[in-house]
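Participant: Dumping the structure here so I can ask a few things about it.
The values are calculated or read from the model by the stated rules, or taken from the named source; none is laboratory data. Please read all numbers here as calculations on a predicted model, not as lab measurements. As a convention, Cβ positions derive from the backbone with ideal geometry for all residues, glycine included, and neighbour counts pool all protein chains shown. These accessible areas exclude ligands, DNA and RNA; they are computed on the full protein's heavy atoms, side chains included. Shrake-Rupley method; radii C 1.70, N 1.55, O 1.52, S 1.80 Å.
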Amino acid sequence: MVSFHGSQTTSSTATLTHSPIYHAIIQAGPRLKPLQQVHARITVTGSGRSRSLITKLLSFAYAATSPISYTRALFFSIPNPDTFLFHSLITLTSKFKFPQESLLYYRRMLLANISSSNYTFSAVIKSSADLMTFSIGKTIHCHVLICGYGLDTYVQAALVSFYAKSGHVGIARKVFDKMPDRTVVAWNSMISGYEQNGFGKEAIGLFHLMRDSGVKPDSATFVSLLSACAQVGASGLGCWVHEYIARNNFDLNVVLGTAMINMYSRCGNVIKAREVFYSIKEKNIVAWTAMISGYGMHGHGSHALELFSEMRVNGPQPNTVTFVAILSACAHAGLVNEGRRIFASMRQEYRLEPSVEHLVCMVDMLGRAGHLNEAYQFIKDMPKEPAPAVWTAMLGACKMHKNFDLGVEIAEHLLSFEPENPGHYVMLSNIYALAGRMDRVEKVRNIMIRNRLKKEVGYSTIDVDQKVYLFSMGDKSHAETNQIYQYLDELMGRCREAGYIPASESVMHEVEEEEREHALRYHSEKLAIAFGLLKTGPGVPIRIVKNLRMCEDCHAAIKHISVIANREINVRDRLRFHHFKDGSCSCRDYW
DNA sequence: TTAGGGTTAG
């Protein structure tokens, strides 16, 4: 590697662009080999005395593939790098997603006593966010304050994004609230921060605040907003975004389009999702995968398979995420042979190594379909100890097919290496309850109480007139609680007359029969449905989003409600969609 | 020249 000794002066821009070496760099472009050839020329001719040439060379090298070892060596060959070189390197490495390199140069810059600007600060904060290094980011925040950049718009927006990406939404909001002049990017950072941390409702709330404060949303705002709508099932607002985009002639680029596909799919409208998918001009693998996944969560396995085949002919190469989506679609539609074939093709045709997610899909697919032995053998054949998620899928299959012995064995195995996971205890308890072993159910419950392990709280949301309402089990916080409960009692009475029998084993703890029925009756989804039926006119479909899986009792009850109330009811639970109509569910009870 | 955006299992 060449060294650049002596006191180098930076050529003026005019001299630089007239240099034949400069033209050779431009011609080489972001290709490592040709750049290295130009570098050799620089070495031989001694033109390396020009720092600008080296900086230009570096900028192209970063745009090339796998440039790290080369560019790093190039950098370390330069004695006393100047401010300009450091700034270029930090912004380039951050831009081209080499966050570790970016922080390395920042450290060297500090050691060389060269001060940072708002450009370098925003770049290294972004790098800390990409690297998920909270302590480094916090330290840089201190540097920012010491150096007097605490009120710089760009730096602040980067900080908001950094804190949100590291899961500290509260701190992000504090930084955001302190900003004197909030740009659209700052709003977007905070909205996206909420959405990505699972605070969809807060993201939507902040969007309304943004509009009230007169800041015009842009395409990135809508991408995050659509994701938030998808999260909480805010179909009304999601449709409004679609109309707004059309009315204001926004370009439906692939990122915005994909967010829209996801919103429509997760809000229950797979037909609209499909329309958007076909209207995107330049569809990439993410868009194709989103659409396949949309079909999958609605149980449209054959549509997912058709699209997957179409993609193999007309579309981009599937990636590992695509395979998760298609395998999951096969699992939910009971398409076992197709799933087996696709799983085999991953390695054979696409040279993609299956990861935990793919193995989980396979166990889930085989298990759901009742091939418990094959699923178990599939796990046993794995070369190393399977991840807990694989066993969890197997446990789910045991519960589904009421295989008590195997279920207990697996639950105990899971608990031996994840003793703090309340989900496993709940599952074990459910399996005991199915086998009528209420003494064991009580025992599991006591262990949970002793170890202070809490079951995740279930809740359901419903969108009425562009407003999202949330219900938890036995919720009495709503203004119209009395009416809701009265109507629900009436509905359940009519369900009973129509032949519905409460599935009391869905209640975890051991209580008297009457009390168990009472606990079932006020599950969050039933309350949300009663509210929806009261608040919307005849024929309007009811759309519910539940954070956990629906219990068997609710599934059975909603089938009856769809007949009694003569209404289409769509429920998205943690795993998939259930479209209830005329007494049956689109999942054909396969869930 | 800076800051913000889409897809995946249980």
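Participant: Given the peptides A:321-329, A:576-584, A:440-448, arrange them by the average over their residues of other C-beta atoms within 10 Å, most packed first.
Facilitator: Averaged packing, sorted descending, gives the order A:321-329, A:576-584, A:440-448.
Participant: Continuing with this model, one more query. May I ask for the net charge around A:L548, where only other residues with Cβ less than 10 Å from the Cβ of A:L548 are counted and Lys, Arg are +1 while Asp, Glu are -1?
Facilitator: Neighbourhood net charge equals +1.
Participant: Given Cα pairs under 8 Å that are at least 6 residues apart, what percent is the relative contact order of chain A?
Facilitator: Rounded, it is 7 percent for chain A.
Participant: Sticking with this one: Calculate the length of the line joining the C-alpha centroid of segment A:532-591 to that of segment A:269-311, in whole Å.
Facilitator: Cα centres, segment A:532-591 to segment A:269-311: 23 Å.
Participant: Could you tell me the distance between the Cα centroids of segment A:53-81 and segment A:101-142, to the nearest Å?
Facilitator: Each part's Cα centre sits 19 Å from the other's.
Participant: With a 1.4 Å probe and every protein chain left in place, tell me how much accessible area A:V276 has, in Å² to the nearest 10.
Facilitator: About 10 Å², rounded to the nearest 10.
Participant: Okay, moving on. Which value in deg cm²/dmol, rounded to the nearest 500, describes the helix-derived mean residue ellipticity at 222 nm for chain A, given -39,500 (n - 2.57) per DSSP H run of n ≥ 4 and division by the residue count?
Facilitator: -20500 deg cm²/dmol
Participant: Using a probe of 1.4 angstrom, how much of the accessible area of segment A:283-354 is carbon and sulfur, in percent?
Facilitator: With neighbouring chains kept in place, the figure for segment A:283-354 is 49 percent.
Participant: Quick one: how many Å² of A:C142 are accessible to a 1.4 Å probe, rounded to 10?
Facilitator: 70 Å²
Participant: Would you grab the residues whose amide H sits under 5 Å from the one on A:Y459? Only those 5+ places off in sequence or on another chain, please, with H modelled 1.01 Å from N.
Facilitator: Sorted by chain and number, the residues that satisfy this are A:N547, A:L548.
Participant: Let me ask you something else. Can you tell me, using C-alpha contacts under 8 Å and at least 6 residues apart, the relative contact order of segment A:283-354 as a whole percent?
Facilitator: Relative contact order of segment A:283-354: 33 percent.
Participant: Going by average Cβ neighbours within 10 Å, how do the peptides A:23-32, A:149-158, A:235-244 rank, with the highest at the top?
Facilitator: Ranked from most to least packed, the peptides come out as A:149-158, A:235-244, A:23-32.
Participant: Just the projected area, averaged over all directions, of the convex hull on the alpha carbon atoms of segment A:459-585: how many nm²?
Facilitator: The number I arrive at for segment A:459-585 is 7.3 nm².
Participant: Using a 1.4 angstrom probe, figure out how much accessible area chain A has per residue, in square angstrom, rounded to the nearest whole.
Facilitator: 48 Å²
Participant: Return the carbon/sulfur percentage of the accessible area of segment A:459-585, one whole number, probe 1.4 Å, all protein chains in place.
Facilitator: Looking at segment A:459-585 in its full context, I get 46 percent from C and S.
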